[in-house]
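Undergrad: My questions all concern the structure below.
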Amino acid sequence: MNIKIDFEKGAGLVPVIVQEAETNEILMQAYANLQAVELTLKEGYAYYYSRSRKSLWKKGETSGHVQKVVKVMVDCDEDCLIYIVHQTGPACHTGAKSCFFRELTL
C-alpha cells in the first residue's frame with residue numbers, strides 16, 4: 001500500500017499520538033515533520049519536531065526514556081500518526097508515566 005502523509009495541512013507537521021504497545025495506554029502527543037518520520041522509520045526509535053525550539057529531537061536522547069517504535073499507524077486522511085511503542089521510563093517530562101494524568105471535570 002502506498003501511503004503519502006499530508007504534511008502540508010499542518011504547516012509541514014503532523015500530530016503524532018503515542019501509545020504503549022503492551023497496555024494500549026496513550027502516553028503523549030507530539031508533532032513530526034517529514035525528517036522526523038523518516039528517522040523514526042529508519043532507526044526504530046521515536047523522533048519528533050519541537051515547535052518551541054524549531055528543531056528535531058529524539059525522545060529520550062538526554063533522559064534515557066526512549067521510545068522503541070513497534071508500529072506506525074496512519075489515519076484515513078493521512079494527516080495524523082500513531083506510534084505504537086515500548087516506552088523506557090516515564091513518557092512525560094514531569095516524570096509521570098503518561099502526559100495524560102490530569103482530568104478535566106465538567
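Undergrad: For residue 51 and residue 24, compute 0.36 nm times the residue count separating them, minus their Cα-Cα distance, and round to one decimal in nm.
TA: Answer, rounded to one decimal: 7.1 nm.
Undergrad: Under the rule a/c < 1.5 gives rounded, and otherwise a/b versus b/c splits prolate from oblate, where does the chain land using the Cα gyration tensor?
TA: rounded
Undergrad: Same structure again: Which whole-number percentage describes the relative contact order of region 58-106, with Cα contacts under 8 Å and a sequence gap of 6 or more?
TA: Relative contact order of region 58-106: 27 percent.
Undergrad: Tell me the angle of helix 34-43 to the major Cα principal axis of the chain, expressed in degrees between 0 and 90 and rounded to the nearest ten.
TA: 70
Undergrad: Give, rounded to the nearest 20 debye, the magnitude of the charge dipole that the chain has about its Cα centre when Lys and Arg contribute +1 at Cβ and Asp and Glu contribute -1 at Cβ.
TA: Details: 12 positive and 13 negative charges, 89 e Å.
Using Cβ point charges on Lys, Arg, Asp and Glu, the chain gives about 420 debye.
Undergrad: Can you compute the FRET efficiency between residue 106 and residue 34 using 1/(1 + (r/R0)^6), with r the Cβ-Cβ distance and R0 = 30 Å? Round to the nearest 0.05.
TA: Given R0 = 30 Å and the Cβ-Cβ separation, E is 0.20.
Undergrad: Quickly estimate the mean residue ellipticity at 222 nm for the chain, helices only: each DSSP H run with n ≥ 4 gives -39500 (n - 2.57), and the total goes over all residues, rounded to 500.
TA: Value at 222 nm, helices only: -3000 deg cm²/dmol.
Undergrad: Figure the gain on full extension for residue 17 and residue 65 (residue separation times 0.36 nm, minus the Cα-Cα span) and round it to one decimal in nm.
TA: So the extension gain works out to 15.6 nm.
Undergrad: Please work out whether region 2-54 counts as rounded, prolate or oblate from its C-alpha gyration tensor, where a ≥ b ≥ c are the square roots of the eigenvalues and a/c under 1.5 means rounded, while otherwise a/b larger than b/c means prolate and anything else oblate?
TA: Because a/c hits 1.5 or more and a/b exceeds b/c, region 2-54 counts as prolate.
Taken together, the values in this text are just the output of simple stated rules run on the coordinates, not laboratory data. No experiment lies behind these values; they were computed from the predicted model shown. Cβ sites come from the backbone with ideal geometry, for glycine too, and all protein chains shown count toward neighbours.
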